[in-house]
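Asks: Sharing a structure here in structure tokens format.
Bear in mind these aren't lab numbers, they're just calculated from the coordinates by the rules spelled out. Worth saying up front: this structure is predicted, and the values here are computed from it rather than measured. Cβ: placed from backbone, ideal geometry, glycine included. Neighbour counts: every protein chain shown.
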Amino acid sequence: MDEMFEIVECPDCKKPEYYGMIHWKDGKQHCRKCIYEIWAKESKYKWERSKSDYIFPFYDDGIDHTK
């Protein structure tokens, strides 16, 4: 199994996320849900998650690799 599909705990919210989908910001790790919230708060423009901005259990390819 590819380690990028390994499920880890988000250090921020403690919810599951794929290792390959953890984002770094300001020296801290965040799952996609957390990083999207951060981007929305920090954006000068109104940034919203699109339909292709998946969160767990969907990977960046739109597939649920937990099955």
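Asks: Using alpha carbon centroids, what distance separates region 30-45 and region 14-29, in Å?
Replies: Here the two parts' Cα centres lie 12 Å apart.
Asks: Sequence neighbours fewer than 8 away in the same chain don't count; with that in mind, list the aspartates and glutamates whose C-alpha is under 15 Å from Lys25.
Replies: Asp12, Glu37, Glu42
Asks: What aspartates and glutamates does Lys51 reach when the alpha-carbon gap must be under 14 Å and sequence neighbours fewer than 8 apart in one chain are set aside?
Replies: Asp60, Asp61
Asks: Run the reach check for Lys46 against lysines, Cα to Cα strictly under 18 Å, same-chain hits fewer than 8 apart removed. What comes back?
Replies: Lys33
Asks: GluC sites (Glu not before Pro) within the chain: which are DSSP loop residues with at most 15 other Cβ atoms inside 10 Å? Please list the in-between numbers first.
Replies: Values: sites: Glu3, Glu6, Glu9, Glu17, Glu37, Glu42, Glu48; in loops: Glu6, Glu48.
Taking the chain and a limit of 15 other Cβ atoms within 10 Å, the loop GluC sites (Glu not before Pro) found are Glu6, Glu48.
Asks: How much net charge surrounds Asp12 when only other residues with a Cβ under 13 Å from its Cβ are counted (Lys, Arg +1; Asp, Glu -1)?
Replies: Overall, the nearby charge balance is +2.
Asks: So what is the calculated 222 nm ellipticity per residue for the chain, using -39500 (n - 2.57) for each DSSP H run with n of 4 or more, over all residues, to the nearest 500 deg cm²/dmol?
Replies: -5000 deg cm²/dmol
Asks: Helix 32-42 against the longest principal axis of the chain: what's the angle in degrees, Cα atoms only, rounded to the nearest 10?
Replies: Around 10 degrees separate the two axes.
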